[in-house]
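Okay, so here's the structure we're looking at.
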Protein chains: 4
Amino acid sequence: MGMVGGGKDAFIGAIHRIAAQMDGEIELVAGAFSSDPDKTLTCGQSLYLDEGRCYPSYQAMFIAEAQRPAGERMDMVAIVTPNHLHFPVAKLALEHGFHVISDKPATLNLTQALVLEKVINDTGLLYALTHTYNGYPMVKEAKKRIAKGLIGKVKKIVVEYPQGWLATKNDELSKQAAWRLDPEQSGISCCMADIGVHAANLAEYVSGGKITEICADLSINVDGRVLDDDGVVLLKFDSGARGVLMASQVSIGEENNLTIRLYGELASIQWSHHTPNDLIIRYPNRSTEIVRTGVGEMDALTLANIRTPAGHAEGYLEAFANIYLQFSKQIRARLDGEQC
Amino acid sequence: MGMVGGGKDAFIGAIHRIAAQMDGEIELVAGAFSSDPDKTLTCGQSLYLDEGRCYPSYQAMFIAEAQRPAGERMDMVAIVTPNHLHFPVAKLALEHGFHVISDKPATLNLTQALVLEKVINDTGLLYALTHTYNGYPMVKEAKKRIAKGLIGKVKKIVVEYPQGWLATKNDELSKQAAWRLDPEQSGISCCMADIGVHAANLAEYVSGGKITEICADLSINVDGRVLDDDGVVLLKFDSGARGVLMASQVSIGEENNLTIRLYGELASIQWSHHTPNDLIIRYPNRSTEIVRTGVGEMDALTLANIRTPAGHAEGYLEAFANIYLQFSKQIRARLDGEQC
Amino acid sequence: MGMVGGGKDAFIGAIHRIAAQMDGEIELVAGAFSSDPDKTLTCGQSLYLDEGRCYPSYQAMFIAEAQRPAGERMDMVAIVTPNHLHFPVAKLALEHGFHVISDKPATLNLTQALVLEKVINDTGLLYALTHTYNGYPMVKEAKKRIAKGLIGKVKKIVVEYPQGWLATKNDELSKQAAWRLDPEQSGISCCMADIGVHAANLAEYVSGGKITEICADLSINVDGRVLDDDGVVLLKFDSGARGVLMASQVSIGEENNLTIRLYGELASIQWSHHTPNDLIIRYPNRSTEIVRTGVGEMDALTLANIRTPAGHAEGYLEAFANIYLQFSKQIRARLDGEQC
Amino acid sequence: MGMVGGGKDAFIGAIHRIAAQMDGEIELVAGAFSSDPDKTLTCGQSLYLDEGRCYPSYQAMFIAEAQRPAGERMDMVAIVTPNHLHFPVAKLALEHGFHVISDKPATLNLTQALVLEKVINDTGLLYALTHTYNGYPMVKEAKKRIAKGLIGKVKKIVVEYPQGWLATKNDELSKQAAWRLDPEQSGISCCMADIGVHAANLAEYVSGGKITEICADLSINVDGRVLDDDGVVLLKFDSGARGVLMASQVSIGEENNLTIRLYGELASIQWSHHTPNDLIIRYPNRSTEIVRTGVGEMDALTLANIRTPAGHAEGYLEAFANIYLQFSKQIRARLDGEQC
């Protein structure tokens, strides 16, 4: 694997590296971690990379790696840059023959998205977006239970992702804050593009429905900002379900408290990022159930995303690693196929 | 105290009676518990009432009680009927000289409300609405902390009241469901009139602001109903705060899970009916605090609404009793004033 | 009902009064609230008692009330004094023909207990001890589920009652602390007599077994004390179950966190005073269940101890009131029998 | 790194591998995963190992690796076998010049422990025991806060580790159960040797004290067993603190619910494996605090054991990886020193 972005002060780069290597199926062999070649080299050295594969730019990396013999070049690229680079890097990587796993959002706008879709189809390569929360085993279990009809037809979905890390003017000083609040790098939205997409994706992933109509109230809560830092969205799904999505970066004191509740005709199901190994199932006139990761009968998909026996909590990094692991399995299947 | 409504199969009547007599300050002495005089008599007997004060109608009760000598007649009336009677009973009670404590909503519409306001002003009598949740000590503590500026200016309020007891067609069979779903008795709304008002009131009471603009999505989720059983409302407050109110009677498996979160500029505060003795206060870059009823410094208003030492949880009935107790104290103050 | 002890600065007196009158079945009509007749009179006036029934001593009360005509005298006595008076007051009340409901412990030692047993048997009167926690509906539900075999044979019981209110020298200044730490008033034990007995009683009540062997480590954790303020006890029950009982008044920061866990051959059951409306049932290889007060099928005994619909939490005062209510029903049954 | 034990059906082997490679500082290069050379080879292949370094026995591995040139041989050995092999493998590894990281318990008895101590001292090599729970950031934060005196002198420690996976006869069928219940492989204890040691170690690690006296009640709760499956131990510490340790493999329905509470003179502190990112601090007459991983001021040791920003829960594998990471840093320091 090669990596674009993710130098030493970008928190998400280190996360991607841990997630990629946790299961011993993916090895980081190349990188263009920074627009500054010196920083890339320093970073690469600290990661025990071959210096010759610490590239001055992502363009250089794609060209050089594509020229290496099969079996000795990287198979895939991880994109962990600010938003505005997701699309051009992914496009170029695909065009050079590399599978792509990218941080969200995939693109800055619909036009780019359509181009990207065409490139993926044309190249036939694999493309994954790291909607991390879908990697949690109990999120998958929730999805499967709903798909099997265990809570009946879903009538209402409440999904929320409150954070407080941009609540005040002072919070804008970090590098993380700076690019997210800058339309040049972040695009047309800060809060919705950064975490609203996680909430929307989670609602669609778990419920199996698609959002078809919205009524949104986005707001800016700190003077001087030009992008949203909070929003509430009324939702309608193709399944007929109604919903509400709340995302906020100014809900002071909250830490990534992503929570989803789905109310069906027979029961309801709740998952929260703060207690990610619990699935709460509520029934009319019956005890509430707490389904715990690995305890009792689980769907095969869930089991494939658990590494430890029941009672040994897995967390965010394992959820992230699940996405890399499943992606690596698909690449492996292709590689094995090619060898035939 | 006299009571209108609240016969043996009306759950809220018994609640009001317990709440009224818990502190030994109010004695039930008269009643018109049912439109059926026999039922009223049976009910009154089981409550050890004087049979002569078990009245065949509320009109009869007001007339008869008003004719008794001062000190031997009831001082106040509790109204615990279905919604459509709240207004006419309250009006008549006030006109006969009785203080009124009424279940919510006060009236079916604005016109009635304005009339009621005039009657209250004209008679100079006391009128209370049992917004029970305001009676919880930690709700009062939250209100006071916000008023003192401890979380800074409130920016966002999320209040929700999910229930599941009307989730299906089968749930419509109870007497409680029947009148609430009937526009003749319930008025123009089921869910919002029944529990949405609690949520709205709680948001205003705790935050100290008034709701000035709304954008609502009310819905009917079971075939054959004519009144809303679920709704989401975007809110704006006169203070500039934004908010969301969710109320639902079809959130299957939920039991009165009223929760409010208020996000300020300095901290946020959360109270939930499921853990009513906890106030959760979240700060940026600091530990979360759990303020427990009676532990540590509390506002005088809070302390006046606690009966037991810390660690002995008070619940719904005590919250309800707090409303009666404060009301009785006001009446007592007037009685004591009259005696001078 | 008459009351002995429970003047204005004794917290438990007010609790007993609320518990007694909550359901409208018991009326406080007489009292000897203090050894100081003036205080008794002031207290009685504030409770709207007839001044003639505010007695200078409990002895005087028993004599005077016994001379009143049947139907006009008190039927029962509530004893809410410090420990050393429980026995003599109860004995005298019974000897004058009054049913007794007493705070725990019943007596200071075994000799007194055997005398008390004889007086109860000789008079044929009713005697109740306010082991309050048994009054919680979910404690009764736990007891019944275990009796029905739903968790199989109980193998292990862990019960603990940590408090922190006597953790330091400074905590000894209150009147509550003073008598509990004084062997003259408290007897041979502070912590075990005050709260260890609650834990032991709860373990026996819920499990249905009797403690037959103990190995105890009682300790004194603040200089100058002569009675225990903390203890751990290894238990064996007649059923063959093993157990541990922990009680503490120096577990700083804890508020009456009484918790019991019973592990059976098929499942385990947990109840905690901090979340008294939850019963947590854990199974091997199955979801954990949270049984909530009033939700789903409940034993008839449980239902008889609930006043509100599911979702309206009842707390400590209602648990206490349940003990009074059941006691009043037994007296009522006798009164009704006598009238025949 | 080389590994002894940890073939495909041993759960802990995979855990150790993930923990070792998560941070990219340790590479698995050799293994003797099974007493069956074929199994070792298959396992090694699935892990992308050089076949020549998949050894038929641990003895063969130590000899062969020791003969490889410096910089091309493994630096350390991870021991993940059943208990009875921990000591002989560790001793031999040290004697061949390899640092050792071993699963607990270190040895089967005190005699072995003294021998092992001597070998470590004689060789000057590093030896680590994977007391995993010490790897959690909030456990380290608890230790540091106590060391700084923030809760005052510790008076009482309650530590418990309940599991239910050996509650019944049927639970004995797994390979994991078989060796733990067999004195030949497990030693003189099942429950205490397997999980009691974790609880004891945690109590000592966090409190900073040493256990000096015990009074234990170990028991066997399933017919036919010869080793303990449950135990309660009264503790005294050299600091003067008292304590209780409970460990159980027959607490049906419990999943590794390791919890520690330490009560000091100023405050108490609680950590539970089920919510490993929370530290609960209780004070007298003040709000309870929930310290969350990475939120607010943390000790440097804590920060060195966190990989993700606040709000992204780390779990068991990260705690385990922390132990490997710190161990690798010590080896790295030695390697860097040697290169000078």
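Would you check if there is a residue in the range C:223-231 being under 26 Å from D:GLN270 (Cα atoms), open to solvent by 20 Å² or more (accessible area, probe 1.4 Å) and touching a strand residue (DSSP E or B) at 6+ places or on another chain (Cβ under 9 Å)?
Looking for residues that are under 26 Å from D:GLN270 (Cα atoms), open to solvent by 20 Å² or more (accessible area, probe 1.4 Å) and touching a strand residue (DSSP E or B) at 6+ places or on another chain (Cβ under 9 Å), one finds none in the range C:223-231, hence no.
Hey, any hits in the range C:32-39 for a residue that's touching a residue at least 12 places away in the same chain (Cβ under 8 Å) and touching a Cys at 6+ places or on another chain (Cβ under 6 Å)?
Yes: one or more hits.
Tally time: how many residues in the range A:160-183 are open to solvent by 30 Å² or more (accessible area, probe 1.4 Å), within 22 Å of A:GLY253 (Cβ to Cβ), in a loop (DSSP other than H, G, I, E, B) and not hydrophobic (A, V, I, L, M, F, W, C)?
Here the count works out to 2.
Only one residue in B:THR168, B:THR212 is closer than 23 Å to B:LEU110 by Cβ, hydroxyl-bearing (Ser, Thr, Tyr) and more than 21 Å from the chain's Cα centre (by Cα), so which one is that?
Details: B:THR168 fails: closer than 23 Å to B:LEU110 by Cβ.
Just one listed residue meets the conditions, B:THR212.
Looking at A:THR107, is it part of a helix (DSSP H, G or I) and under 27 Å from A:ALA199 (Cα atoms)?
no
Tell me which residues, restricted to the range A:71-84, are over 19 Å from A:LEU28 (Cβ atoms) and open to solvent by 40 Å² or more (accessible area, probe 1.4 Å). Talk me through it step by step, then tell me what you get.
Start the filter on the range A:71-84 by keeping residues that are over 19 Å from A:LEU28 (Cβ atoms), which leaves A:82-84.
Passing the criteria: only A:HIS84.
Just need a number here: residues in the range D:6-19 that are open to solvent by 10 Å² or more (accessible area, probe 1.4 Å) and either in contact with a Phe, Trp or Tyr (Cβ under 6 Å, 6 or more places away or on another chain) or more than 9 Å from chain A (Cβ to nearest Cβ) (or both).
5
Considering only residues that are open to solvent by less than 10 Å² (accessible area, probe 1.4 Å) and of a type in the set (Val, Ile, Thr), look in the range A:184-209 and name the one that is farthest from A:ASN134 (Cα to Cα).
So the residue we want is A:ILE195.
Is there a residue in the range B:186-208 that is assigned to a helix (DSSP H, G or I), over 19 Å from the mean Cα position of the chain (by Cα) and in contact (Cβ under 8 Å) with a residue 24 or more places away in the chain?
If we filter the range B:186-208 for residues that are assigned to a helix (DSSP H, G or I), which is where we start, we get B:186, B:191-207.
Now drop any that are not over 19 Å from the mean Cα position of the chain (by Cα), which leaves none.
So far as the range B:186-208 goes, no, none of its residues is assigned to a helix (DSSP H, G or I), over 19 Å from the mean Cα position of the chain (by Cα) and in contact (Cβ under 8 Å) with a residue 24 or more places away in the chain.
Residue pairs, Cβ under 8 Å, 6 or more apart or interchain, first in the range B:161-179 and under 21 Å from B:GLY6 (Cα atoms) and among the charged types (D, E, K, R), second at pLDDT below 90 and surrounded by 15 or more Cβ atoms within 10 Å (Cβ to Cβ). List them.
Partner pairs satisfying both residue conditions: B:LYS175/B:ALA10.
Suppose we keep only residues that are of a type in the set (Ser, Thr, Tyr) and under 15 Å from D:TYR316 (Cβ atoms) within the range D:264-279. Which one would you say is most open to solvent (accessible area, probe 1.4 Å)?
So the residue we want is D:THR275.
A:SER46 is checked against (1) modelled with pLDDT of 95 or more; (2) on the phi < 0 side of the Ramachandran plot and fails just one. What number does that condition carry?
(1)
Has the range D:41-57 got at least one residue that is among the hydrophobic types (A, V, I, L, M, F, W, C), closer than 29 Å to D:ILE188 by Cα and crowded, with 20+ Cβ neighbours inside 10 Å?
no
If you check B:ARG282, B:ARG261, B:ARG286, B:ARG242, which single one turns out to be open to solvent by 30 Å² or more (accessible area, probe 1.4 Å) and in contact (Cβ under 8 Å) with a residue 40 or more places away in the chain? So that I can check it myself, show each step before the final result.
Values: B:ARG282 fails: in contact (Cβ under 8 Å) with a residue 40 or more places away in the chain; B:ARG261 fails: open to solvent by 30 Å² or more (accessible area, probe 1.4 Å); B:ARG286 fails: in contact (Cβ under 8 Å) with a residue 40 or more places away in the chain.
Unique residue meeting the criteria: B:ARG242.
Among the strands (runs of 3 or more DSSP E) contained in the range C:238-340, which hold 2 or more residues that are out of contact with any Phe, Trp or Tyr (no Cβ under 7 Å at 6 or more places or on another chain), within 14 Å of chain D (Cβ to nearest Cβ) and within 23 Å of D:VAL158 (Cα to Cα)? Before you say what the answer is, go through the steps one by one.
On the way: elements: C:242-248, C:259-264, C:268-272, C:278-282, C:288-292.
Per the criteria, C:242-248, C:259-264, C:268-272, C:278-282.
Restrict the check to the range A:122-139 and report whether at least one residue is within 14 Å of another protein chain (Cβ to nearest Cβ), in a loop (DSSP other than H, G, I, E, B) and in contact (Cβ under 8 Å) with a residue 40 or more places away in the chain.
Looking through the range A:122-139, at least one residue is within 14 Å of another protein chain (Cβ to nearest Cβ), in a loop (DSSP other than H, G, I, E, B) and in contact (Cβ under 8 Å) with a residue 40 or more places away in the chain.
Is it the case, given these coordinates, that B:GLY44 is of a type in the set (Gly, Ala, Ser), in contact with a Cys (Cβ under 7 Å, 6 or more places away or on another chain) and either touching a residue at least 40 places away in the same chain (Cβ under 8 Å) or assigned to a helix (DSSP H, G or I) (or both)?
When the stated conditions are applied, B:GLY44 passes them.
Given (1) closer than 29 Å to C:ILE18 by Cβ; (2) within 14 Å of chain D (Cβ to nearest Cβ); (3) out of contact with any Gly (no Cβ under 8 Å at 6 or more places or on another chain), where does C:ASN170 come up short, assuming only one miss?
Failed condition: (1).
Quick check on my filter: what residues within the range B:20-32 are within 14 Å of chain C (Cβ to nearest Cβ) and surrounded by 23 or more Cβ atoms within 10 Å (Cβ to Cβ)?
Correct list: B:ALA20, B:MET22, B:ILE26, B:GLY31.
Among residues belonging to the range D:85-104 that are assigned to a loop (DSSP other than H, G, I, E, B) and open to solvent by 10 Å² or more (accessible area, probe 1.4 Å), point out the one that is farthest from D:TYR324 (Cα to Cα). Let's see the steps before the verdict.
Step one: list which residues in the range D:85-104 are assigned to a loop (DSSP other than H, G, I, E, B), which gives D:96-98, D:103-104.
Okay, now just the ones that are also open to solvent by 10 Å² or more (accessible area, probe 1.4 Å), so D:96-97, D:103-104.
Numbers: D:HIS96: 21, D:GLY97: 19, D:ASP103: 12, D:LYS104: 14 Å.
That would be D:HIS96.
The values are calculated or read from the model by the stated rules, or taken from the named source; none is laboratory data. Just so we're clear, the structure is a prediction, and the values are computed from it rather than from any experiment. Cβ atoms come from the backbone with ideal geometry, glycine included; neighbour counts cover every protein chain shown. Protein only, heavy atoms only, side chains kept; ligands, DNA and RNA dropped before computing areas. Shrake-Rupley method; radii C 1.70, N 1.55, O 1.52, S 1.80 Å.
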